[in-house]
Each structure stands twice: as C-alpha cells, then as structure tokens.
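The values are calculated or read from the model by the stated rules, or taken from the named source; none is laboratory data. Fair warning: this is a prediction, and the values are worked out from it, not measured in the lab. Cβ coordinates were reconstructed from backbone atoms using ideal geometry, including for glycine residues, and neighbour counts include every protein chain displayed.
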Amino acid sequence: MPAPKKTFYFDLETSGLDPLIHGILQLACIVDIGGVVIEKRVWKMRPAKGLKADPQALAVNGFTMEQIRSFMPEEEFLTEFVEFLDTYVNKYVKTDKFYPAGYNIQFDVGFLKALFIRNGHKYYGGYFNYRFLDPLPWLIMEEWNGDFQAADLKLGTVCEIYDIPLVDAHDAETDIEATRTLVLTLMRKYKSRLDGDEKPSAGMVIDWKKAKEFSEKARKSNE
C-alpha cells in the first residue's frame, strides 16, 4: 500500500511581488498527512538586509515597517523552519517529500525557493516535490468548460461562491485555511463526477466513465 501523501499547505505575505528584491513577511502552513491535519504553524520574519518593501504590498497585507523590524530575521526563521521540516521529511530520501499546496502556489514557491538560495541552503528540493496542488488551474479549466463563473478568480471571490469562510483575506493564516478547504471541496466535486453523481453544466461534454477508467489505470500503474 502506498505511503500516505504528505501535503504542505502554505501561504505567504510578502513585501512585494519580485522574489529577487522582495522578501517574505509571514508564512502560515498546515501539515496534512494522508488527509489528516497534523500541525499548523505561523511565522513572521524580517527580510534580509537590502531587500525592498513595496508600499502597495504593505497596504494590502497591513504590516508596517515598525512591525516588520520587530520580526525575527529571515536567517533565524530558516533555521527554525528547516528543523520543523526535518520532523516530517527525510531530505535525503527521494520519495519522501511534501507536495506544496496553495492558491496560485507558484508565487509562494518562488519566494520560498529564493529564501533558501539567498541563505545558502541547498535542500529546498529535498523537502518539497516539484509537483504541487493548486485549485486555481482547476478553476480556470472549470471556467473554460462553462462549469464555473465568477467576477474574478481572487481567493476571496471563489470562497464566497463555494460558501467557504474567509474572515480576513490577505492574512496568510486565514488564507491557507480557506485554500485547504477549497482544495478538498474541488476534490470531492471531481470524485463525484467520476462516480457519475454530477455532470458538467455546460460546455464540452466529458465522458466521465472513461475518465474514471483512465484514472484507475494510471493509479494502478503507479502502485
């Protein structure tokens, strides 16, 4: 039997949009192993000297420069963070990795990779799979297929449509809680379609029976 999947749901608040010149201010994560929440953590950190803070980004996430100066240095965070990851993953075992998960997760992955590189840590790939879970591409496919409509694809808008609580958007902790709920909601929807309980409302007609057969063949070939 395959080992339970290790999923690292995480969301960041950053000092800007470019991981080469901006830094991470907040990281919130949920460790999910086999669909069970094992641990939740939140860190706040001060980006390395020389990195910039975009006033527009700070206006969105609500952090002030005074607050940021009181956060732990990012190098101190990374030491603590790596110890945390070592609890769950053996970075020397190729098959033992977290699946990164989040909303528009490539943005967050880019910043986390940059932090590892900037601080001379070469084992980002030892902890994290290059494959990831992200509900955004799924929603784009749903939209393209005529099964989903929204004014925009912001997390807050999508959560409102799916009736998922999101009290304080642009706070990493609340964002990642909502994102995990959204991922699980979409997975249940997909499984319902494979089981024939739900069909697309419009757009391209999909043969869900064949899709299920293909999925089962792919799963067996990977066992």
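Taking the criterion of being among the acidic types (Asp, Glu) and closer than 19 Å to residue 114 by Cα, the residues of segment 68-96 that qualify are 74, 75, 76, 80, 83. Contact map, segment 176-193: first residue over 13 Å from residue 134 (Cα atoms) and assigned by TED's automatic domain parsing to the domain that holds residue 142, second residue modelled with pLDDT under 90 and not in a helix (DSSP H, G or I), Cβ cut-off under 6 Å, separation 6 or more or different chains; pairs are 192/198. The set of residues in segment 162-172 being surrounded by 14 or more Cβ atoms within 10 Å (Cβ to Cβ) and either touching a Ser or Thr at 6+ places or on another chain (Cβ under 8 Å) or at pLDDT 90 or above (or both) consists of 162, 164, 166.
Among the residues of segment 44-66, is any of a type in the set (S, T, N, Q), loosely packed, with under 15 Cβ neighbours inside 10 Å and within 15 Å of residue 115 (Cβ to Cβ)? No, that holds for no residue.
Taking segment 148-188 as the range and being of a type in the set (D, E, K, R) and more than 15 Å from the chain's Cα centre (by Cα) as the test, the residues that pass are 152, 160, 163, 168, 188.
Okay, residues lined up against (1) assigned to a helix (DSSP H, G or I); (2) closer than 19 Å to residue 27 by Cβ; (3) at pLDDT below 95; (4) small (Gly, Ala, Ser):
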site	(1), (2), (3), (4)
99	no, yes, no, no
109	yes, yes, no, no
112	yes, yes, no, no
126	yes, yes, no, yes
131	no, no, yes, no
140	yes, no, yes, no
143	yes, no, yes, no
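Against the definition (farther than 28 Å from residue 154 by Cα and either small (Gly, Ala, Ser) or under 15 Å from the mean Cα position of the chain (by Cα) (or both)), how does residue 50 come out, yes or no? When the stated conditions are applied, residue 50 passes them.
Between 175, 152, the distinction of being outside any helix (DSSP H, G or I), of a type in the set (D, E, K, R) and at pLDDT 85 or above belongs to 152 only. Every condition in (1) β-branched (Val, Ile, Thr); (2) free of Cβ contacts under 8 Å to residues at least 12 places away in the same chain; (3) within 14 Å of residue 8 (Cα to Cα) holds for residue 89 except the one numbered (2). Is there a residue in segment 103-121 that is charged (D, E, K, R), within 12 Å of residue 11 (Cβ to Cβ), touching a strand residue (DSSP E or B) at 6+ places or on another chain (Cβ under 8 Å) and surrounded by 21 or more Cβ atoms within 10 Å (Cβ to Cβ)? Yes, there is a match, as at least one residue in segment 103-121 is charged (D, E, K, R), within 12 Å of residue 11 (Cβ to Cβ), touching a strand residue (DSSP E or B) at 6+ places or on another chain (Cβ under 8 Å) and surrounded by 21 or more Cβ atoms within 10 Å (Cβ to Cβ). Screening 11, 18 for residues that are among the acidic types (Asp, Glu), out of contact with any Pro (no Cβ under 8 Å at 6 or more places or on another chain) and free of Cβ contacts under 8 Å to residues at least 60 places away in the same chain leaves exactly one candidate, 18.
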